[in-house]
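Q: Below you'll find the structure I mean.
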Amino acid sequence: MRVTRVSVVQATTVLVVAAFLGVLGQYLGRPGYTQTRLAFFAVLGGLAVAGAAGVVYRRETVAAGGACGLLLLGLWQAVLWIYIFPVVGVLAFAIAVTATPDWTDSSAAR
């Protein structure tokens, strides 16, 4: 298996989203736990996972939907800005890389 630019970006995206889920889990356990926080974090985590899945499976629309949803909810949630916006940036970069055809990538030829 060859390591390509796209596969490196996909792996990095999955790693960043996994770290983001860890941050959400850390914040969930802080004092002031409510069902509302759990639901909000579940939506944030779901959007991040959907964005990463869109990048991995090269579905730019799904990835863009996850990134846009995170961006919109990130504007509303000031405490998590520092974590949400880098994830949105990584997703946007990954969308740009995976959307362009890579002629040296064997999966792009199919």
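The values are calculated or read from the model by the stated rules, or taken from the named source; none is laboratory data. If you're wondering where the values come from, they're calculated on a predicted model, not measured in any experiment. Here the Cβ positions follow ideal geometry from the backbone for every residue, glycine too, while neighbour counts run over all protein chains shown.
Q: Spot the failing condition for PRO31; the list is (1) assigned to a loop (DSSP other than H, G, I, E, B); (2) surrounded by 11 or more Cβ atoms within 10 Å (Cβ to Cβ), and only one is missed.
A: That leaves (2) as the condition not met.
Q: Restricted to region 1-27, and to residues that are exposed (fewer than 12 other Cβ atoms within 10 Å of the Cβ) and not β-branched (Val, Ile, Thr), which residue is modelled with the lowest pLDDT?
A: Of everything passing the filter in region 1-27, MET1 is modelled with the lowest pLDDT.
Q: Scan region 28-40 for residues that are of a type outside the set (Ser, Thr, Tyr) and either at pLDDT 95 or above or out of contact with any Leu (no Cβ under 7 Å at 6 or more places or on another chain) (or both) and jot them down.
A: GLY29, ARG30, PRO31, GLY32, GLN35, ALA39, PHE40
Q: Output the qualifying pairs, or none if there are none: Cβ atoms under 8 angstrom, residues six or more apart or on different chains, first residue in region 59-81 and over 11 Å from LEU47 (Cβ atoms) and free of Cβ contacts under 8 Å to residues at least 12 places away in the same chain, second residue of a type outside the set (D, E, K, R) and part of a helix (DSSP H, G or I).
A: ARG59/ALA53; THR61/GLY54; TRP81/GLY74
This table checks each residue for (1) in contact with an Asp or Glu (Cβ under 9 Å, 6 or more places away or on another chain); (2) buried (at least 18 other Cβ atoms within 10 Å of the Cβ); (3) at pLDDT 90 or above; (4) in a loop (DSSP other than H, G, I, E, B).
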{"position": "VAL43", "(1), (2), (3), (4)": "no, no, yes, no"}
{"position": "ALA52", "(1), (2), (3), (4)": "no, yes, yes, no"}
{"position": "ARG58", "(1), (2), (3), (4)": "no, no, yes, yes"}
{"position": "ALA63", "(1), (2), (3), (4)": "no, yes, yes, no"}
{"position": "CYS68", "(1), (2), (3), (4)": "no, no, yes, no"}
{"position": "GLY74", "(1), (2), (3), (4)": "no, yes, no, no"}
{"position": "VAL79", "(1), (2), (3), (4)": "no, no, no, no"}
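Q: Yes or no: region 18-29 includes at least one residue that is on the phi < 0 side of the Ramachandran plot, in contact (Cβ under 8 Å) with a residue 60 or more places away in the chain and not small (Gly, Ala, Ser).
A: Scanning region 18-29 turns up at least one residue that is on the phi < 0 side of the Ramachandran plot, in contact (Cβ under 8 Å) with a residue 60 or more places away in the chain and not small (Gly, Ala, Ser).
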